[in-house]
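Here the structure is laid out as structure tokens; the discussion comes afterwards.
The values are calculated or read from the model by the stated rules, or taken from the named source; none is laboratory data. Values in this document were obtained by computation on a predicted structure and should not be read as measured data. Cβ: placed from backbone, ideal geometry, glycine included. Neighbour counts: every protein chain shown.
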Amino acid sequence: MLNLSKDWTAAQKVVVKGAIAYVAIFLFMLIVHPCSAKTYKAFSDIFQTIAPFFASACCLTYVWRGFHPIAARRIGWLLIGVACASYGVGGVLWSYLELVRKIDAPFPSSADYAYLLCYPFLIVGVILLFGSIHIIGRLRQMLDGAIAASGFGILSWHFLIQQSLKQTGITLWAKALGAAYPLFDIAVLFCAIILFSSTSSNPGLRRSIGVLTLGVSMIAFTDSIWGYQVLVNSYHTGSWIDPGWAYGFTLIGLGAMFAHWWPVPAASQEALAGSGRSSGGGSPIKVLIPYLVAVLSFVFVALHDFQTEKAVGVSTLATGFGLMLLVIVRQMFTLLENTHLTHQLRSFNDDLERIVTKRTQQMTALHQLTKAVNTSLKAGEVMQVAEQHTLRALNGDAILVWLMDEEASKENPSGLRLVRWSGLEERPELLETLRSLPLRAQFEAVTVMDDRAKSFRSGTCLRAPLCWRERCLGMIGVIRWSEGVSPTDAAMLESIGLEVGSALENARMYGAALEAADRDPMTGLLNHRAIHQRLHVEVESAEQDQTPLSIVMMDLNNFKLFNDTYGHPIGDQILKSVAESLAVACEGFGYLGRYGGDEFLLVAPNTTVRQAVEMTDMLRERMLHEGFQRIGEERTIPVSLSYGVAGFPEDSKTRHELVAIADANLYAAKHTDSGIMATSDKQRSLRALSRESSFEVLDAMVTAVDNKDRYTRRHSEDVTEYALWISEELGLSEETLRVVRIGGLLHDVGKIGIPDEILRKPGRLTPEEYEVLKRHPRIGALMVGAVPGMEVVLDAVNSHHERWDGQGYPDALAGEAAPLLGRIMAVADAFSAMTTDRPYRKGLEWEAALKEIRANSGTQFDPAMANAFLRAAAKRVPQVLRPTNGAAEILPAESANKA
């Protein structure tokens, strides 16, 4: 029994239950015969008329209220409904003749015309249900249907049509109408077979079309069997074939209602078009059924002929020949179709192989991209490798990357900014168009025009978002000029967007973490470690590129006093304020970092020492005008800094030594008026000499003397400078210049043996004190002579106070009896003594000191040495020796070259 679930509507249940009841009543009356023959005949005539009208009502209901993706199918169901109504009219006319007029319906009668009129509508309606079956499938199905229907046709021809045409005593018109019934039955059966086979690949359509086909086939078979029984006078009311028409039309009505109740989407209904593309399919028995039906029908007819006439009739042989010809045509068509399908399959395999190859390449590129972007922690490197692998994966001609910008521009209010592109350098107009594309949350394909091509060819820009955790970071796009868009392209580019988006966010977070690790938490500047790393990188870059580099060490003056006076919180605020001011002032010069508690370090690439000093002087002026103002107070606390400058490569080529020199200069700068100190040429010479271990010992003694008398160190450096001027004017050798340089720095080393009260006495010395002081050349000679390798400078140390007239000390040597180094040092020592300020007197002016040298030439000084010094001094200006207020104590480049 049919199971009507709760999903069925009330109307559906009524229709189905009514159909079941109708079939059951008819079957009961046929088997039981509970009434007389006359009553049964009346029941049969009336009851059989109900089914066609039921089928017509169902078909018209489906036409009116059902879903029809193709207009032809709506018309098809309409014609089927009209056919059913026509058959029902024929049943009414038949019942009228037999039940009302009480006569047997003649042949042909008005009922026959109504019956026959049903078939054209039914055949055309079934054909229209085919829809858009592909031509190949339609031809194959027509041949299969013809073969299957030929079996029924052979039987109809042999037992019905031929017999109808042989009847005597009736008109030709009656014979034609008698033959029309089986012919129409064959045509209907033929169309029904084709219709059902066309739905074999679609379960949804097979449900309604299968019921319809079963109903049509049942009508055709019942009609043919009734015709045969009429010819042989074996039909009588109450025969077992009586329900055939009623059940057939009932099934047609149910087929229409099934199509109405469970409509199939348009895309699925179009399976009719594709079902005929393959040759056959299904089980071997299903493929062989049409042939078996046709062959068995022919064999049956041939055996019948042979049994009745002892020979096979000509018409039977003719139908057999026609059947054989039909099978041959079907096989030839199958061969051609299989050949065509083989070519299609080969083409499909080639296409599939290309698709698989392309897909493999894309997946390989995606794997490589994923590996590359996930091993990089810099956004620039991520985008670079993403561009390379994306172009390879999607076979692109150009690549673009947009990123979200917090400040939306006028060109693109969505905040999307084009940051990278490749392959569009010669297409500025197209680039401007692409620059303004909006942000999209999903894949899109944009048509673009090649403005360089003569024919203005079009291309496609494939774009997908760069996503991280459902947040859009930007977009990535690929332009292709010669290839369309496939479904895999969208999936591939979206996958790339996810991978690159995640890698960019990882790089951003890593950069933020690295930035936080490199920043001093109080000032926000680079911390000690980070500024050293930056200095290391810049020193290597400067050495490789042969470019200058300068560093500036800065220190807050009296910062401890700030902390002690105002407290550490105010000290921290001062540090922050100074750091902010320095960051603004040093912007564009290099990298600024907090080196220590109150020390800052500026690394300035591509900057010479002179440029660094000039920049530092401007920085000093700015900081002098800025101070620290406490919240709620109008008073400004003055803040000043000291600055030590060192340069690469003149000061050093190593990072640590540069910092040490800058720090030493910073310490020296605290004792100057300008607060800025860079390395002088004399200091560089001294540093070069200090690398000799023997000199280093003696220089340490000079430093000890300088600690006793601040005049000594500066005086020794000046004497060295002036002695080098004389030596250069005389054209002495480089080796002699080296000895002069060492001798000048060590000539007063003997003062370490002079008592402090004499060295530091503010007034004139007594004769006794002067005699003690005159011992220092001899003491110095003894010290230098005791150091291995320093014997060459003995003359400079022992004889620098000898005179040309022989009135000097310690040996009172006259003229050229005094050593050359001693005569050179005598002029240099006297000029430095005259021009240097002492606690008890002010130094002479440049011009006055030169007059003294000139006046004492030939008495105190060797004339040759004095004249050489005067010539050298005339080439220089006084400023090279005495810094002005506010300027750094540094010799210009010309002086460095001369020395």
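Checked against (1) part of a loop (DSSP other than H, G, I, E, B); (2) at pLDDT 85 or above, His536 passes all but condition (1).
Can you find a residue that is at positive phi and not assigned by TED's automatic domain parsing to the domain that holds Ser652 anywhere in segment 458-468? Within segment 458-468, not a single residue is at positive phi and not assigned by TED's automatic domain parsing to the domain that holds Ser652.
Looking across segment 764-801, the residues that are assigned to a loop (DSSP other than H, G, I, E, B) and in contact with a Pro (Cβ under 8 Å, 6 or more places away or on another chain) come down to Lys774, Arg775, Ser799, His800, His801.
Please verify whether segment 784-801 includes one or more residues that are surrounded by 14 or more Cβ atoms within 10 Å (Cβ to Cβ) and acidic (Asp, Glu). Within segment 784-801 (the criterion being surrounded by 14 or more Cβ atoms within 10 Å (Cβ to Cβ) and acidic (Asp, Glu)), the answer is yes, since at least one residue qualifies.
Evaluated against (1) assigned to a helix (DSSP H, G or I); (2) under 16 Å from Asp663 (Cβ atoms), Asp555 falls short on exactly one condition, (1). Restricted to segment 748-771, and to residues there that are surrounded by 15 or more Cβ atoms within 10 Å (Cβ to Cβ) and within 21 Å of Arg841 (Cβ to Cβ), the residue that is modelled with the highest pLDDT is Glu769. For residues that are farther than 28 Å from Asp572 by Cβ and of a type in the set (S, T, N, Q), scanning just segment 639-674, find the one that is nearest to the chain's Cα centre (by Cα). For segment 639-674, the residue satisfying everything is Thr654. Entry remark, segment 93-125: residues being in contact (Cβ under 8 Å) with a residue 24 or more places away in the chain and buried (at least 16 other Cβ atoms within 10 Å of the Cβ) number 16 in total. Of the residues examined, Lys761 is one that is of a type in the set (D, E, K, R) and assigned to a loop (DSSP other than H, G, I, E, B). Checking each residue of segment 70-79 against the condition of being closer than 29 Å to Leu99 by Cα, among the hydrophobic types (A, V, I, L, M, F, W, C) and not in a helix (DSSP H, G or I) gives no match. Scanning segment 464-472 finds one or more residues that are out of contact with any strand residue (DSSP E or B) (no Cβ under 9 Å at 6 or more places or on another chain), surrounded by 15 or more Cβ atoms within 10 Å (Cβ to Cβ) and not basic (Lys, Arg). Scanning segment 344-378 for residues that are crowded, with 18+ Cβ neighbours inside 10 Å and either over 17 Å from Pro465 (Cα atoms) or touching a Leu at 6+ places or on another chain (Cβ under 6 Å) (or both) yields Gln362, Ala365, Ala372, Ser376. Taken over segment 477-514, the criterion of being crowded, with 18+ Cβ neighbours inside 10 Å and not in a helix (DSSP H, G or I) is satisfied by Gly477, Val478, Ile479, Arg480. Taken over segment 58-102, the residue count meeting the criterion of being within 19 Å of Phe258 (Cα to Cα) and hydroxyl-bearing (Ser, Thr, Tyr) is 2. Filtered by the rule that a residue be without any contact (Cβ under 8 Å) to a residue 12 or more places away in the chain, of a type in the set (Gly, Ala, Ser) and within 17 Å of Val740 (Cα to Cα), segment 757-811 gives a lone residue, Gly785.
Screening Gly858, Gly780, Gly822 for residues that are surrounded by fewer than 14 Cβ atoms within 10 Å (Cβ to Cβ) and assigned by TED's automatic domain parsing to the domain that holds Trp725 leaves exactly one candidate, Gly858.
For segment 709-758, the set of residues classified as touching a helix residue (DSSP H, G or I) at 6+ places or on another chain (Cβ under 6 Å) and of a type in the set (Gly, Ala, Ser) consists of Ser716, Ala723, Ser727, Gly743, Gly744, Gly750, Gly753, listed by residue number. Residue pairs whose Cβ atoms lie under 7 Å apart, separated by 6 or more positions or on different chains, with the first residue in segment 520-548 and farther than 15 Å from Ala583 by Cβ and the second in a helix (DSSP H, G or I) and not aliphatic (A, V, I, L, M), are Leu535/Arg655; His536/Arg655; Val539/Arg655.
Taking Tyr62, is it part of a helix (DSSP H, G or I) and more than 24 Å from Phe196 (Cβ to Cβ)? Criteria not met by Tyr62. Of all residues in segment 356-387, those satisfying the criterion of being of a type in the set (A, V, I, L, M, F, W, C) and in contact (Cβ under 8 Å) with a residue 24 or more places away in the chain are Ala365, Leu366, Leu369, Val373, Leu377, Ala379, Val382, Met383, Ala386.
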